[in-house]
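A.B. asks: If you scroll down you'll find the structure; I have some questions about it.
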Amino acid sequence: MTDKDKGKRFPLSLSSLSEKPPRSGLRSELHRNLSPARIATPQTATQNASQHVKRPTAPGRPQEAVRPLVPAQPGRSSSLVSDAVRKAMTARVAKQGVKDAKVLAAMEAVPRHLFMEPALASQAYIDASLPIGYHQTISQPYIVARMIEVMRDNGNGGVLNRVLEIGTGCGYQAAVLALVAKEVYSIERIKGLHELAKSNLRPMRVANIRLHYGDGMLGLPQAAPFDGIILAAAGLEVPQALLEQMAIGGRLVAPVGDRRQVLQLIERVGKFDWKSSTLEDCHFVPLRPGTIA
Ligand code: SAH
């Protein structure tokens, strides 16, 4: 990130990008129609389905009240997708084992199809990751929900004041995070994707996301400590800088590995103490150092 960029763009408040003042972005209902085509696509950033143990809980509807994110100008969104399609996706995620009602409600509230190119929007709610350009992907709905659920299971009733996401991509997971945390910081190393996330999120008027262009392996010391950190890309280990930027009691969820990857939970239990546990297999795009202009 150059100094010029810093001054101009970062940290970026999405509300500061809105042409109109924030108003009812979270309020109105979505009334859309879409029949998603079931097209097989390459899978990246997915949980390993064969490893997955299904649990019998399948709440039909999340119980928590989370208002849907709605674009300021409905545009292409209005005719594309119905609440029912997203509800079906959320019910499937619940069936796959995600139990946290607040996370399920957030998944139901974010119009995932608006984070994809129009040509792929009809596939937005299938159980897969999908390309977003620059050889990167939007993560599979299950794994997005699962990581946030694990981060929220913090012994503090799920309260998250400040969270950090490494790997903004198209901005989808940041939008879901914005509904469960007070402040969301998200870093992307590819300038084009950082810009894409900005333009995807701008019409949704999410006031509590700050997008940064930079190397997420360095974290964001100026905004630390974080109650939760989520990595949306897999490294061979979790960068030390991120461990140091966790609040005591904070939780970091990250895919770790190369060809075989596992979801790792790291809890900071003291100033000099971290506890690590391994959750399940997964498959993410790689975490890479540096930035791409
Ligand atoms: N969070 C996205 C997933 C994006 S895929 C979603 O909602 O679907 C993972 C992203 O991590 C890619 O965009 C990739 O460019 C980014 N990434 C990889 N290494 C990074 C790093 N060191 N810092 C910041 N972003 C990184």
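A.B. asks: Starting from the residue with the highest accessible area, list 147, 217 in decreasing order, probe 1.4 Å. Present the calculation step by step, with values, prior to reporting the outcome.
C.D. replies: Values: 147 0, 217 55 Å².
Highest to lowest solvent-accessible surface, that is 217, 147.
A.B. asks: Can you pull the accessible area of residue 102 for me, 1.4 Å probe, Å² to the nearest 10?
C.D. replies: 60
A.B. asks: Can I ask one more? Using the Cα centre of the stretch 193-289 as origin and beta-carbon charges of +1 (Lys, Arg) and -1 (Asp, Glu), tell me which of 229, 193, 219 is placed farthest towards the positive end of the dipole.
C.D. replies: Of the listed residues, the answer is 193.
A.B. asks: Expressed as a whole percent, how much of the Cα-Cα distance distribution for the stretch 94-157 exceeds 20 Å?
C.D. replies: Values: 643 of 2016 pairs.
Looking at the stretch 94-157, the distances longer than 20 Å represent 32 percent of pairs.
A.B. asks: Heavy atoms of the protein only, probe of 1.4 Å, neighbouring chains included. What is the accessible area of residue 284 in Å², nearest 10?
C.D. replies: Residue 284 exposes around 10 Å² with every protein chain in place.
A.B. asks: Here's another thing I want to ask about it. Once neighbouring chains are kept in place and the probe is 1.4 Å, which whole percent of the accessible area of the stretch 165-210 is contributed by carbon and sulfur? Before the final figure, lay out each step's value.
C.D. replies: On the way: 510 of 1010 Å².
Solvent-exposed carbon and sulfur of the stretch 165-210 make up 50 percent of the total.
A.B. asks: Residue 127 to residue 159: extension gain in nm, 0.36 nm per residue of separation minus the Cα-Cα distance? Walk me through the intermediate numbers first.
C.D. replies: On the way: separation 32, 0.36 × 32 = 11.52 nm, distance 2.80 nm.
So the extension gain works out to 8.7 nm.
A.B. asks: For the stretch 155-275, count all C-alpha to C-alpha pairs, find those more than 16 Å apart, and express that count as a whole percent of the total. Don't skip to the answer; put the middle values down first.
C.D. replies: Numbers: 4247 of 7260 pairs.
Value for the stretch 155-275: 58 percent of Cα pairs lie more than 16 Å apart.
The values are calculated or read from the model by the stated rules, or taken from the named source; none is laboratory data. For clarity, every value in this text was computed on a predicted model and none was experimentally measured. Heads up, the Cβs are rebuilt from the backbone with ideal geometry, glycines too, and the neighbour counts pull from every protein chain shown. To get the accessible areas, we keep the full protein, side chains included, count just its heavy atoms, and leave off ligands, DNA and RNA. Shrake-Rupley method; radii C 1.70, N 1.55, O 1.52, S 1.80 Å.
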